[in-house]
Structures are given as C-alpha cells and as structure tokens.
Amino acid sequence: MVTTGFATSWLLPPETLLLGSDAVHVWCASLNLGPSRIQALERTLSTDERERASRFHFHRDRECFIASRGILRFILGRYLDREPADLRFFYNAYGKPALTEEMTDGLRFNLSHSAGLALYAVAQNREVGIDLEWIRPSLAREQIAERVFSAAEVAALRSLPDQLQAEGFFTYWTLKEAFTKAKGEGLTLPLDGFEVSPSSEGQVAGLTLYGHPQEARCWSLLKLLPAPGYLAALAIEGSNWCLQCWQWREEHPMPDWKLETGAAEYGQPGSARDRRNRRAGDRTEAKPDIESDATTGELARREESSRS
C-alpha cells in the first residue's frame, strides 16, 4: 500500500478538470439549497429518480435526495463533458450505482450524504467508496458495535475514554461502510467479516480481510473530518493514488472543512479566504437540520438479512 499524496484543503475546482489514472477526487457539497435550485436540479433527474424522490415522506428528505442526485449529475457531467440530464445510470445486483457502459469512460464514483451535507468520490478505472455520518452520541451508546463489529474492534472501541466513544464508533462505522460500498457487494459482506484499524492522524487505516490477506493489500482506507460534528471515510482500490478535494459551491458556501492530515482548515477564521467570504456575506455553517438515518437504516437491513 503506497500513497503518493493527500489533499491538504478543500478548494474551488479549476475550469478544466483533469482526472488522471492516479487521481482520486472527493467533492463536498451542502444540500441546503433554495427552492429555485432544488427545482433546477430536479429537472436534470431521470423519471426513475423523480419517482424515488416522490416516495419520501418528509419534504426535507425529498429535497436532500433531489439535491444529492442533481449535484452528482453536474459533477460527473463536468468530467465527461456531457449535460447532467443526459447521464444514464444502472445498479448492480447489490444496488451500487454506476454509469452505463456507453457513458462511463472508465469513470467510477460513489456518494454519501447525512444531515444536509454530501460527499462524492470520483476516480478513473478504480473502485471507490465513501461514507459520511453526522455524529450522534446516542447511537454510540446503543450497543450497536457489539452487534455488527468484530470482537477485536469492539474491544478497541470500548477501551477508549467515555468522551471519545461517539467519535470512535463513527470512525469504525464509516471506515467499514466505505469499504463495503467500494466493494459493491451489499449485505453479502458482513461488517464483522473484516477488521479495520483506525489510523493516527494523516495515516492510512489498516484493513484485515479474514481469509483474504492478499486482497487487503489492494485497498487504502482513509479517515476524513469533513466538518464539525461529522465523520467520513474513503476507500480506494489500488495504490499509488493522489487525493484532491474540491468544494461544490452553489448558493451556499461550504463549512470549514479539513482533511485529517494536520493541514490548515479551509476557511480558517482570519484567513484571506475567510475574510473574502465574510465580506461577501455568504458564510454559513453546516447545521444538522435533518437527521439522516443511514447508520440505523443500514443496521436494520443487515440485521434483517442475518435473520433471513
């Protein structure tokens, strides 16, 4: 496992996006958009996506789905030089989305959103998986780890001080979910069927695949700190990759983002970029205005699968 570099900040993307074979791009986006932007993004969705959006019970959940899928189309369209509405997707047997063969051009992607924020991972000819979670301390106290993590992971988690239990739980959860999403095998890959070892700051996390030690060397797992109150993780197939992080900027700017490498935070108070944002009057913070039940929903699906 060799890494050639880490992104140190979340930047506005260049006009021309170049995605080499060694590049992995991660985009961050706020889903808290105004009605006009939601309507514009909805117009780019397919009939199937609009039908899926209409099935959401709560209006905010529907808007977040529309925003997350619409922004995905704009991001991928930039790489492929295609109109967002022209993109076509399919899903493998386990539900992982991909571009149709005539459009893919080797492009791989994955997305995750939670509580009004979204992350998108994009790479060329290598699988990627990403998971984003808003930290809810109540979940860390519900003995979920004992039900889905390996015994070694549970022991390591419970050895942490009480004040670090919530962060520890979501660190393990996001690392494991990012890997399962990159693999694209759904519930056939149980969370207790492999182990992750959260890294120290700026290092790639460890991975142990029971019975497949060689395959574990073909993956890199990285913990991200996307915004205050959130944790995320990225899984990358292969080695010799270089990570670049971009911010999607629409009506609302991004919150203060940083990658866990000890690098300076984007938009750090007092920085030149922060002063520009404040002068423009457009500085906002990410607020957990909705609670994505991705963690509890995924847990329920895994437990139901184990009983069937």
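Of the residues Ala233, Ala227, the single one that is within 19 Å of the chain's Cα centre (by Cα), in contact (Cβ under 8 Å) with a residue 40 or more places away in the chain and in a strand (DSSP E or B) is Ala233. Kindly check whether there is at least one residue in region 139-151 that is part of a strand (DSSP E or B) and of a type in the set (Gly, Ala, Ser). Within region 139-151, not a single residue is part of a strand (DSSP E or B) and of a type in the set (Gly, Ala, Ser). Answer yes if at least one residue in region 136-150 is of a type in the set (S, T, N, Q), touching a residue at least 12 places away in the same chain (Cβ under 8 Å) and farther than 25 Å from Val26 by Cβ, and no otherwise. Checked against the condition, which is being of a type in the set (S, T, N, Q), touching a residue at least 12 places away in the same chain (Cβ under 8 Å) and farther than 25 Å from Val26 by Cβ, region 136-150 yields at least one hit.
The strands (runs of 3 or more DSSP E) falling completely within region 162-224 that include 2 or more residues that are aliphatic (A, V, I, L, M), buried (at least 22 other Cβ atoms within 10 Å of the Cβ) and touching a residue at least 24 places away in the same chain (Cβ under 8 Å) map to 219-224. Selection of region 100-154 for residues being of a type in the set (Lys, Arg) and under 14 Å from the mean Cα position of the chain (by Cα) yields only Arg108. Determine, yes or no, whether Leu139 is surrounded by 17 or more Cβ atoms within 10 Å (Cβ to Cβ) and closer than 30 Å to Tyr79 by Cα. No: the conditions fail for Leu139. When Ala67, Ala7 are checked against the criterion of being buried (at least 17 other Cβ atoms within 10 Å of the Cβ) and at pLDDT below 95, a single residue qualifies: Ala7.
Restricting the search to helices (runs of 4 or more DSSP H) fully inside region 22-134 and requiring at least 3 residues that are in contact (Cβ under 8 Å) with a residue 40 or more places away in the chain gives 59-80. When Glu133, Glu146, Glu63, Glu83 are checked against the criterion of being acidic (Asp, Glu) and touching a strand residue (DSSP E or B) at 6+ places or on another chain (Cβ under 6 Å), a single residue qualifies: Glu133. Quick check on region 95-123: of everything there that is surrounded by fewer than 17 Cβ atoms within 10 Å (Cβ to Cβ) and modelled with pLDDT of 90 or more, which residue is farthest from Ala67 (Cα to Cα)? Ranking the qualifying residues of region 95-123, first place goes to Gly106.
Only residues that are at pLDDT 95 or above and basic (Lys, Arg) were counted across region 124-157, and they come to 1.
The values are calculated or read from the model by the stated rules, or taken from the named source; none is laboratory data. Remember, it's a predicted structure, so these values are computed and weren't measured experimentally. Reconstructed Cβ throughout: ideal geometry from the backbone, glycine too, with neighbour counts over all protein chains shown.
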